[in-house]
1. I'd like the full set of residues that are of a type outside the set (Phe, Trp, Tyr) and part of a helix (DSSP H, G or I), limited to the stretch 387-424.
2. Pick out the one residue from 102, 108 that is at pLDDT 95 or above and either outside the structural domain of residue 180 (by TED's automatic domain parsing) or under 27 Å from the mean Cα position of the chain (by Cα) (or both).
3. If a residue must be more than 13 Å from residue 441 (Cα to Cα) and either among the acidic types (Asp, Glu) or touching a helix residue (DSSP H, G or I) at 6+ places or on another chain (Cβ under 7 Å) (or both), how many such residues does the stretch 361-371 contain?
4. So residue 117 ticks every box in (1) more than 18 Å from residue 448 (Cβ to Cβ); (2) modelled with pLDDT of 95 or more; (3) of a type in the set (S, T, N, Q) but one. Which box is left unticked?
5. Would you call residue 225 surrounded by fewer than 16 Cβ atoms within 10 Å (Cβ to Cβ) and either not assigned by TED's automatic domain parsing to the domain that holds residue 362 or not in a strand (DSSP E or B) (or both)?
6. State whether one or more residues within the stretch 197-217 are farther than 25 Å from residue 439 by Cα, under 25 Å from the mean Cα position of the chain (by Cα) and surrounded by 19 or more Cβ atoms within 10 Å (Cβ to Cβ).
7. Filter the stretch 311-349 down to the residues that are within 19 Å of residue 256 (Cα to Cα) and assigned to a loop (DSSP other than H, G, I, E, B) and list them by number.
8. Looking only at the stretch 350-371, how many residues end up being part of a loop (DSSP other than H, G, I, E, B), among the hydrophobic types (A, V, I, L, M, F, W, C) and in contact with an Asp or Glu (Cβ under 7 Å, 6 or more places away or on another chain)?
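The values are calculated or read from the model by the stated rules, or taken from the named source; none is laboratory data. Computed from a prediction, not measured in an experiment: that's the story for all the values here. So basically every Cβ, Gly included, is an ideal-geometry build from the backbone, and we count neighbours across all protein chains shown.
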Amino acid sequence: MAISGPHNRTTYISTVLLHVLFTKLGCQGRRRRLPRLGETLAACGFAPRIARYKGYDARGAFGNRPQLTPSDSDHPERNDMHRSIVTGCLTLIMSVGGLSAAEPVGPAANALQKSRTKAIEFLKTSQAQDGTWTSPDAIGITALVTYALLSSDVKPDDPAVAKSLKKLESLARPDGSICTAKSRIPAYETAIAMMTLQAANSSGTYTPLLEKAEKFARGIQFDESQSLDRTDVRYGGAGYGPGGGRPDLSNTTFFLEALQAAGAKPDDPAVQKAVLFISRCQNLETEFNPQGSKVNDGGFSYTPVAGGNAPAGNTDEGGVRSYGSMTYAGFKSLLFAGVKTDDPRVQGAVKWIRQHYTVSENPGMGSNGLFYYYYLFAKSLNAWQQDTLEDASGQTHDWRKELAEHLFSIQQENGSWVNSQATRWFEGDPNLVTAYVLVALHYCDKSE
């Protein structure tokens, strides 16, 4: 029998060992069966998937339920011997097959709950009487705080949440936007309000409002409705509001989340248009972005419009440097849009993330935008559906655990978080920053 490649050899060796384990020890002769083999495996600390490997389940080999005979029960030392053999065989299988004992993923549940509870209580006490946070005009912050509370299992009928939802509902305007009359960032505020109202819409109360908001959101996308064609660098993007301005990756990410909340699927034309803009924000030379060769590291920057905005600075070659928060924003958006994981754009983003993995700073930006980085970091890696991440040096990270434990360590006594190193992008506001962290902690909870 030909066996080629490490994977095939591993599978063959593991199968042989399992055959010995289950057939020779577990099911040979009426008086030599193992008592409840699946329970024995569990008692040895091995993951349930090992008991199910190659068709074996907790009932025994291929569904045959072993029976504990009087002879077995009369000889507990035989069962101890069997358990030792099981442990030895499975340890060997693990060493050649890459299987492992069940290990917890993410932070300790009690520490996570304690941190979230303190943060929730802080936000409830910092809310204004009118249902807003920070300022009556800061609708984006109010919507994001409400979204964070809902993400933390605070119910829509909780007094604080109910008050803020009522406030957001009252701000719905005839054109579908959800903002104040003088808002300079209506698209941004509407997008977050849509995410929030949908999270509280189990009864359908907000459906009519959301349908109007969706029409408004779709109308702000840069596309043919603004006499643009696909060759225009702005095409597919979204900005802070209609009537001019420029699109950017951050607003386009919120735009896509709003469409997702409204039920849009990856093949939605608006989503696919956005993919083109997102691809042009990536520093990767592809058919979508020939200019990506200037940096070509797979990371993302804020916008390609007008030569590119460069919060992280420019390279000597004139390229716009990639940085952490926008790379995670672009990565998450590509995944939502249905771009395959073997696509060069996704692979490029993953390579950049592995090279710059950290929970201590916003790579390329230091402390600037740090908590927005955490928000996007957690959302993106959760969307990737990987419990661990191997960095460029080969070290494996339980990203949920590492992020959560770092956030626990910098939580303020009053339950809030604040960026004490850099207040840029409103990160001196504990309401906004605490909202970012609560959303991140939601995705650090593997049970949710």
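1. Applying the first criterion (of a type outside the set (Phe, Trp, Tyr)) to the stretch 387-424 yields 387-398, 400-407, 409-416, 418-424.
If the condition is that a residue be of a type outside the set (Phe, Trp, Tyr) and part of a helix (DSSP H, G or I), then 400, 401, 402, 403, 404, 405, 406, 407, 409, 424 are the ones that fit.
2. Values: 102 fails: at pLDDT 95 or above.
108 is the lone residue from the list that is at pLDDT 95 or above and either outside the structural domain of residue 180 (by TED's automatic domain parsing) or under 27 Å from the mean Cα position of the chain (by Cα) (or both).
3. Residues of the stretch 361-371 that are more than 13 Å from residue 441 (Cα to Cα), as a first pass: 361-370.
Cutting the leftovers down to either among the acidic types (Asp, Glu) or touching a helix residue (DSSP H, G or I) at 6+ places or on another chain (Cβ under 7 Å) (or both) gives us 361-365, 368-369.
Within the stretch 361-371, residues that are more than 13 Å from residue 441 (Cα to Cα) and either among the acidic types (Asp, Glu) or touching a helix residue (DSSP H, G or I) at 6+ places or on another chain (Cβ under 7 Å) (or both) number 7.
4. Result: residue 117 passes all but (1).
5. Details: surrounded by fewer than 16 Cβ atoms within 10 Å (Cβ to Cβ): yes; either not assigned by TED's automatic domain parsing to the domain that holds residue 362 or not in a strand (DSSP E or B) (or both): yes.
Yes; evaluated as a whole, the condition is true for this residue.
6. no
7. Matches in the stretch 311-349: 337, 338, 339, 340, 341.
8. First pass over the stretch 350-371, keeping only residues part of a loop (DSSP other than H, G, I, E, B): 356-361, 363-365, 367-369.
When the remaining residues are screened for being among the hydrophobic types (A, V, I, L, M, F, W, C), the result is 359, 365.
Cutting the leftovers down to in contact with an Asp or Glu (Cβ under 7 Å, 6 or more places away or on another chain) gives us 359.
Qualifying residue count for the region: 1.
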